[in-house]
Amino acid sequence: MLWSLIKVLLFIAAIAGLTYGADLLLQSPEGVRIVVAGWEFSLGPLQAAIVLLLLVALLWLMMKLTGLLVATLRFLNGDETAISRYFDRNRERKGYQALSEGLMALASGEGRLALIRAQRAEKFLESPDLTTLLVAQAAEAAGDTKRATAAYRTLVSNEATRFVGVRGLLRQKLAEGDTDTALALAEKAFALKPKHAETQDILLKLQSEKADWKGARTTLGAKLKAGSLPKDVYRRRDAVLALQEARGVMDETASTEAREAAIEANKRSPDLIPAAVMAGRGLIEKGDKKAAARILKKAWSVLPHPEIAAAFAEIEPEETPVQRLKRFTALTSQQGDSDQTKLLLAELNIAAEDYPAARRALGDLPTARPTQRALAIMAAVERGEGSDEAVVRGWLSRALTAPRGPQWCCDKCQAIHATWQPICENCGGFDTLSWRDPVETSGQSATGAELLPLLVGQPKAAKVEDDVIDLAPNQTDAAQKKA
């Protein structure tokens with residue numbers, strides 16, 4: 001309120017001062033006489049003051065007109081002037097507005113509209129790192145892959161946007177299924193940004209699919225250095241890659257290198273069953289049976305598996321069933337409560353023709369947790385003890401529809417694999433296979449070879465397998481007669 005009063009008083013004082021000054025000029029007897037080219041002008045004091053103000057205003061206007069004329073000439077000459085800056089600001093405003101509308105359209109899924117707005121922004125803005133990227137993404141959303149590819153290639157030619165362009169081309173090649181070109185682009189993107197997590201994952205997947213295990217291990221090491229992979233997961237996956245590298249060496253009949261690579265994989269991850277089996281067999285070929293037995297026993301203590309037992313049997317292939325039963329105590333004394341240990345012990349006793357011991361080893365497995373292998377072993381025990389043929393066939397008929405037991409199952413898509421693989425053949429997951437009961441455990445066995453894996457060549461085991469094969473037609477005939 002006080003400040004408003006002060007402003008009013010100052011305004012009144014200024015008006016009063018001007019009025020007083022004008023009054024003094026009017027009362028002054030003196031004036032101004034101007035003679036120009038024979039013309040004489042007599043002006044009073046107030047008139048002279050007004051003319052002076054008009055002359056100053058005219059001079060200011062002439063200076064502005066002269067500046068406008070000079071600016072126009074410079075604008076026409078291509079120099080930067082106020083006029084050019086005005087038009088540039090106008091174009092920039094339109095360009096950023098089109099860019100904003102294009103981003104909103106792209107986020108809304110309107111690919112065609114986003115492409116139109118992107119082209120408009122590209123026309124008004126001189127910022128290819130923004131507009132070209134928007135054009136590429138909008139063209140992809142609109143289905144114009146040719147234009148998107150051209151835009152990404154433009155980004156590749158600029159050092160500041162090269163990684164973005166390579167990444168865009170990489171996604172395109174992956175969508176087209178061109179894995180060879182995608183691998184080359186992934187390697188280039190990895191060289192530009194080694195710590196980029198998505199690029200690391202894509203490159204690792206492509207290298208694994210192309211069986212470039214050495215390159216995959218290098219990429220995996222980069223993931224560890226970047227901090228995007230825990231050390232325990234790194235050791236496990238590096239062991240998987242080392243195992244596959246060992247398999248490749250073995251395929252080239254270089255057994256020494258294969259043994260070393262398999263042993264390295266086993267050391268990195270002792271719970272990796274295929275690595276332990278391959279390392280054990282490599283040492284058996286080398287003649288180091290003690291080291292092979294040590295590796296296989298350690299693997300069995302972590303996770304009992306039939307492949308470990310089969311490799312352990314290869315240490316002494318010429319031993320008698322009784323000798324094998326005694327030697328296998330090193331395995332069966334570990335994980336004694338596991339189903340695989342019970343089944344292994346039962347099979348060994350059947351081979352030694354000690355059927356009561358085989359029955360005791362099985363325990364309640366045929367009734368509590370029946371699987372094809374357990375029921376087939378029980379049928380072999382019944383036959384060995386001289387039971388009626390109907391009893392044996394009863395166990396075998398149950399084996400036909402019983403679950404197959406633990407298998408290599410993908411933890412990601414639940415697909416079942418006959419053998420362990422580093423990459424799931426169904427979903428492409430890396431190191432997702434684990435030895436466990438599948439989600440759906442029912443189904444008929446494809447072959448009877450896995451029912452008694454340690455008794456191949458034994459007459460009674462062969463007889464059991466024949467009964468399994470011949471049982472299906474008999475069941476069909478019985479069902480038809482009943483109908």
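The values are calculated or read from the model by the stated rules, or taken from the named source; none is laboratory data. All of these numbers come straight from a predicted model, not from anything done at the bench. Using ideal geometry, Cβ is built from the backbone for each residue, glycine included, and neighbour counts are taken over all protein chains shown.
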- Could you please find all residues in the stretch 158-168 being of a type outside the set (Val, Ile, Thr) and over 17 Å from the mean Cα position of the chain (by Cα)? Asn158, Glu159, Ala160, Arg162, Phe163, Gly165
- For Leu155, state whether it is within 18 Å of the chain's Cα centre (by Cα), modelled with pLDDT of 85 or more and in a helix (DSSP H, G or I). no
- Taking only pairs six or more apart or across chains, which ones have beta-carbon atoms under 8 Å, a first residue in the stretch 153-172 that is farther than 17 Å from Lys205 by Cα, and a second residue that is in a loop (DSSP other than H, G, I, E, B) and among the charged types (D, E, K, R)? Phe163/Lys193
- Item | Qualifying position, being touching a helix residue (DSSP H, G or I) at 6+ places or on another chain (Cβ under 7 Å), buried (at least 18 other Cβ atoms within 10 Å of the Cβ), in contact (Cβ under 8 Å) with a residue 40 or more places away in the chain and in a helix (DSSP H, G or I), among Pro274, Pro304 | Pro274
- Message: I'd like to know if the stretch 209-217 contains one or more residues that are surrounded by fewer than 17 Cβ atoms within 10 Å (Cβ to Cβ), basic (Lys, Arg) and under 21 Å from Ala242 (Cβ atoms).
- Response: yes
- Note on the structure: All conditions in (1) over 26 Å from Ala402 (Cβ atoms); (2) assigned to a helix (DSSP H, G or I) are true of Gln334 except (2)
- With respect to Leu400, determine if the residue is modelled with pLDDT under 90 and over 17 Å from Ser269 (Cβ atoms). yes
- Tell me, which helices (runs of 4 or more DSSP H) lie completely within the stretch 344-415 with 3 or more residues that are surrounded by 19 or more Cβ atoms within 10 Å (Cβ to Cβ), of a type outside the set (D, E, K, R) and touching a residue at least 40 places away in the same chain (Cβ under 8 Å)? 372-384, 389-401
- Task: Return yes when Ala138 is buried (at least 17 other Cβ atoms within 10 Å of the Cβ), more than 28 Å from Glu209 (Cβ to Cβ) and at pLDDT 85 or above and no when it is not.
- Result: yes
- Candidates Lys195, Lys231, filtered to the one that is of a type in the set (D, E, K, R) and in contact (Cβ under 8 Å) with a residue 24 or more places away in the chain: Lys195
- Test set (1) within 16 Å of Arg404 (Cα to Cα); (2) part of a loop (DSSP other than H, G, I, E, B); (3) among the aliphatic types (A, V, I, L, M) - Ile315 fails condition number: (1)
- Do you know which residues across the stretch 275-333 are of a type in the set (Ser, Thr, Tyr) and either farther than 17 Å from Ala346 by Cβ or under 42 Å from the mean Cα position of the chain (by Cα) (or both)? Ser301, Thr320, Thr332
- Task: Give Leu106, Leu113, Leu133 a once-over and let me know the one that is more than 24 Å from Leu174 (Cα to Cα), in a helix (DSSP H, G or I) and free of Cβ contacts under 8 Å to residues at least 60 places away in the same chain.
- Result: Leu113
